[in-house]
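A short write-up of the structure that comes next.
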Amino acid sequence: MAASLVFRLHDRGPELVREVLLERGWEEYNEGEREEEDWNLYWRGSSFQTSQYHNLLPWQRLNHHPKTVGITRKDCLARNLRRMKATFGSALYDFSPTTFILPNDYTCFLAEYNRLRLARGTSVYWIVKPVDLSRGRGIFIFEDIKDLVYDCSVVIQRYISSSLLISGYKFDLRIYVCVKSFHPLTVYIHQEGLVRFATEKFNLSSLHNLYAHLTNTSINKFGPFYKTEKGRVGQGCKWTMSKFRHFLHSQQINELLLWQRINNIITLTLIAIATSVPSCPNCVELFGFDILIDAKFKPWLLEVNYSPALTLDCQADISVKKKLVSDVIDMMNYTSTDSLRDRAYWKHRYKQPCFKANHPSAPVLSTLNHQKKKRGNKGSHTQILPLLKTSHQPEKTKRGKLKQRDIEANYQRCLPPVELSKIREARCRIINTSAIKLHTNQTQNPILGQDSRTNESALNRQSRQPLVSYLMNNGSLYRSDVTNHDNTETEAERQCSGETDVSSLIPDTQESEEAFTRPAASWKLPNIYSTKTFRITAEKTTGNGQNIPPVKVGDFIRTFPFNRATLKASQHELDIRTVLQEIQSLTGQLVLGKGDKMKSRREEKVSADKDVDTDFDSLLWGPKDPPLISQCFKST
Ligand code: ADP
């Protein structure tokens, strides 16, 4: 029988993830009992270190992609959206309130402040937020510049003072977004989500009242009116997205357009960093996008949360988050990856080796160095690799654990062969935004990239610049990636995990990428959608062999790629211009409700090809029963 899947939680949380995984029959990793590599999923609220990505084994998954700080930290997000606006125009990138990063942008802010003060008859308000805090901490709102006081790096943003209110209460939407992959960009949005209310009535004459102006649950659950009935809002401070949909219906709002605009915000924000995030197919990440809707039903992006809170404060949390976590796990499809771990650990005859062990350059270790890796002991990494040379099946303990002596006596391990010349060659290249693509059918382990220790360990380390200094010199990951967590993890905890907070060192996304590579086809993880027994819709393939990710995974709906053109545009180097054109075109069709008239000649040509239309289904994320995008136009 196959061994259970094993999960590893950093610092014992989040509890909901533990609960969901245990219910699904997983086992929790226990440092004392298991080998360092003997887990399938490592989930943590804060970021992983570069080495943890490099040392990933085929059956292992992480719940964060590397280097997403470009959208999850308030100042980085502002910088990247500003850059996208400057490059691609503000027609689409108009969803973020004007933002300045202080102290650097102080002069620009002052100029804008004065300009608006002179130009407008009405008052303009500003909101100040520390760049690296979350959960409403350190936030204040002001109208007069004399009230602007700050002692750390902050963003200062136009305060949306005309937000849509329900029974006089402000609210925002927490939208759960799962990025299955950045290369190619594959995005899913969960159908359920949360609406978070302020617990006191919105009132611009009391800017200091955070219960009226901030919608963070972490603040409002301590408000004096949390438990009071508040008109249509009811008790507490949260609705499910389903309840919000009922509200929209009652208001006779053009719901499709609102959802599509939110959808656009999410895609456009992810695009801002997509080319700079290194490829790591073993990662699937859940982001929390906070969207505020104004009185004209225009959605605004407030921030992107790195580790959205998974605590259960109320009934709405329970009905949304448990299914959400379960769907994220489904997104990772472990059936086939587990069999890899299984084979690596348990099977003595490994018929389809993951690594081409018969490659001449494959170093075979005759004995198993079985020292357990101690935390921080980076120099002593051992890799369990699935070349098993003996015919004797080692004895298992009651808990399914291999006895140490049996392992040592029976297993030999082999590192994946590498091609030294290719690695050196790649090292010399200056790579700009996208990850290196190794066009090779050789046997280097491409999941890990050329710089991975697994690959590296097969080399003569003396001949190379040490990895860590190399990464440091090349602007790689040794800096704080930790940003808008609204989970329960504290800054202190992050410090404990060895991460530093170096806000001034955080670049925008225009930096070189040598630390990670795209996977070569020769050594890919098994297609996570390929298992027959799995519950999600099978991946389809287009006529020219491109994989179409499933339309739905649980309650997650695929929102990118959303048509054949965006699929094509995201297959290799992300073609941002094409993606933007497609988004604009789709939104234009929804705005006018005249899809057919809006179609460009090129699209008409594409539509004329029946195969094209039928082999790519996309649902419009948002409505209760999401229609096919093509149906939206027919019905409007
Ligand atoms: P945090 O990471 O601390 O939660 P946010 O950017 O999400 O920071 O801001 C906290 C809350 O402040 C939001 O949930 C929202 O209610 C309010 N808020 C933030 N920015 C704006 C803005 N530009 N206009 C109106 N309200 C805002």
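Of 201/227; 146/170; 129/238, which sit over 19 Å apart, Cα to Cα? The pairs that break the limit, which is 19 Å between Cα atoms, are 146/170; 129/238.
Normalised Debye scattering of the stretch 144-222 at q = 0.13, 0.17, 0.19, 0.24 Å⁻¹ gives log10 I(q)/I(0) of -0.60, -0.85, -0.94, -1.14, counting only Cα atoms as equal scatterers and leaving out solvent. Binning the alpha carbon pair distances of the stretch 106-188 at 5 angstrom intervals from zero yields the distribution 3, 11, 16, 17, 15, 14, 11, 7, 5, 1, expressed in whole percent.
Exceedance of the 22 Å cut-off in Cα-Cα distance is limited, within the set 74/321; 67/180; 243/298, to 74/321. So if we plug the beta-carbon distance of residue 577 and residue 315 into 1/(1 + (r/R0)^6) with R0 = 45 Å, what FRET efficiency do we get, rounded to 0.05? In this case the efficiency is close to 0.50. As a fraction of the 1.4 Å probe accessible area of the stretch 20-159, surface on carbon and sulfur atoms comes out at 50 percent. Extents of the stretch 268-310, taken as max minus min of Cα coordinates on every principal axis and listed largest first, are 41, 27, 11 Å.
Translational diffusion of the stretch 12-114, estimated by Stokes-Einstein from the Kirkwood radius over alpha carbon pairs at 20 °C in a medium of 1.002 mPa s, is 122 µm² per second. With 0.36 nm allotted per residue and the present C-alpha distance subtracted, the residue 125-residue 19 stretch has 33.8 nm of extension available. Taking all protein chains together and a 1.4 Å probe, the residues 576, 548 rank 576, 548 from largest to smallest accessible area.
Within the stretch 166-250, which GluC sites (Glu not before Pro) sit in a loop by DSSP and count at most 13 neighbouring Cβ atoms inside 10 Å? Passing both the DSSP loop test and the Cβ count: 229.
The values are calculated or read from the model by the stated rules, or taken from the named source; none is laboratory data. Values in this document were obtained by computation on a predicted structure and should not be read as measured data. Don't worry about glycine lacking a Cβ; one is built from the backbone with ideal geometry, like all the others, and counts go over all protein chains shown. Each accessible area value is taken on the protein alone, full model and side chains, heavy atoms only, with ligands, DNA and RNA left out. Shrake-Rupley method; radii C 1.70, N 1.55, O 1.52, S 1.80 Å.
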